[in-house]
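Structure first, then comments.
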Amino acid sequence: MGTNAPELRYPSLPVVVTTVIDALAAHPAVTAITLGGSRATARDDQASDQDIEVFVDGEVPSALRRELALRFDPDPEIDNSQFGPTDEWSDRASGVAIDIAYFERDWFEGTIRDVIERHHPELGYTTAFWHTLRHARPMFDRAGWLAEMQTLAATPYPEALRRNVVAWNHPVLRDVRSSWRHQIELAVMRDDPVSVNHRVAALLASVFDIVFALTRTLHPGEKRLLTHVARLGDAVPPGFDAQVRALLCAAGNPEGNDMLAAVDAVCNTVDAMIEQHGLRVAATRVG
């Protein structure tokens, strides 16, 4: 695939976005460019920025990236390695927020193939990068690598991966000695609300990974998870949303008696879903 001008293929894109794509596509280290995030899936809101994903073989110099950003923003944030590497800035004239993420092509391909072909699970967010790739809007593809990867991304959810995600994430909810539930219980006993918050977040990461795997749904990432689950309809038991919200409320007041009961309510629903989908649930260890 060549360097088709993005403004011709997507005339509705802001000028700042097409300018960025053209400038980055001209650098030899750039293999492919996509548009991602909520705008790529038409689920954006007023707070959504323009997510641009750049796949590279080598480095795009930060000086070049800063020079590009300074055409639109006098104070850009370039090479934010804590979240990155990423560049974040805004077009001051139009108000369009730009978020550019850079991915090493080989690393990204290996990550995708680990999930789709080798069925490797994670503790939470197993298929999030796969979701990113499947729903990305291609804007530049130097040699056809992106087209090949998006063909791979169209693969149906493998049954082996589905089972592996459940088998990897479910025991850590309540079954193993260092389960999220046990860690939450210890944090409550120690009056350590920061640890409670941290472990509840980890538990929910595993919970949502299981829910999306059971329904053969790619994990959409960190945002709007309850909204995404609501779209699954009858595949998720009624009351799940309320149980998650009750757990989060309990995490804000962990000295109360509802903390572990809220954990168990969510985990019981997950257990019921697993059994409903024909998978086995290990005996739950509590305390």
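Being among the small types (Gly, Ala, Ser), at pLDDT 95 or above, more than 27 Å from GLY110 (Cβ to Cβ) and open to solvent by 10 Å² or more (accessible area, probe 1.4 Å) is a description that does not apply to ALA42. Looking for something surrounded by fewer than 15 Cβ atoms within 10 Å (Cβ to Cβ) and in contact with a Ser or Thr (Cβ under 8 Å, 6 or more places away or on another chain) - is there at least one such residue anywhere in region 225-233? Checked region 225-233: at least one residue is surrounded by fewer than 15 Cβ atoms within 10 Å (Cβ to Cβ) and in contact with a Ser or Thr (Cβ under 8 Å, 6 or more places away or on another chain).
Out of the residues in region 135-156 meeting the condition of being without any contact (Cβ under 8 Å) to a residue 24 or more places away in the chain and in a helix (DSSP H, G or I), tell me which one is surrounded by the fewest Cβ atoms within 10 Å (Cβ to Cβ).
Residues of region 135-156 that are without any contact (Cβ under 8 Å) to a residue 24 or more places away in the chain, as a first pass: 148, 150-151, 154.
Filter once more, so that each one left must be in a helix (DSSP H, G or I): 148, 150-151.
Working: GLU148: 12, GLN150: 17, THR151: 9.
Only one residue fits best here, namely THR151.
A Cβ distance below 6 Å, combined with a sequence gap of six or more or placement on separate chains, defines the contacts here; from region 88-112, residues that are assigned to a loop (DSSP other than H, G, I, E, B) reach residues that are among the charged types (D, E, K, R) in the pairs ARG92/ASP73. Among the candidates LEU247, LEU204, the residue that is under 24 Å from ARG163 (Cα atoms), open to solvent by less than 30 Å² (accessible area, probe 1.4 Å), in contact (Cβ under 8 Å) with a residue 40 or more places away in the chain and of a type in the set (A, V, I, L, M) is uniquely LEU204. Being farther than 18 Å from GLY221 by Cβ, touching a strand residue (DSSP E or B) at 6+ places or on another chain (Cβ under 9 Å) and either at pLDDT below 95 or open to solvent by 30 Å² or more (accessible area, probe 1.4 Å) (or both) holds for only one residue in GLU104, GLU159, and it is GLU104. Given the conditions (1) at pLDDT below 95; (2) of a type in the set (D, E, K, R); (3) buried (at least 19 other Cβ atoms within 10 Å of the Cβ), which single one is not true for ASP79? If we test ASP79 against (1) at pLDDT below 95; (2) of a type in the set (D, E, K, R); (3) buried (at least 19 other Cβ atoms within 10 Å of the Cβ), just (3) comes out false.
In the set ARG177, ARG181, ARG162, only one residue is out of contact with any His (no Cβ under 9 Å at 6 or more places or on another chain), on the phi < 0 side of the Ramachandran plot and assigned to a helix (DSSP H, G or I); that residue is ARG181.
The values are calculated or read from the model by the stated rules, or taken from the named source; none is laboratory data. Just so we're clear, the structure is a prediction, and the values are computed from it rather than from any experiment. Every residue, glycine as well, gets a Cβ built from its backbone with ideal geometry; the counts of neighbours run over all protein chains shown. Please note that ligands, DNA and RNA were not included when accessible areas were found on the heavy atoms of the full protein model with its side chains. Shrake-Rupley method; radii C 1.70, N 1.55, O 1.52, S 1.80 Å.
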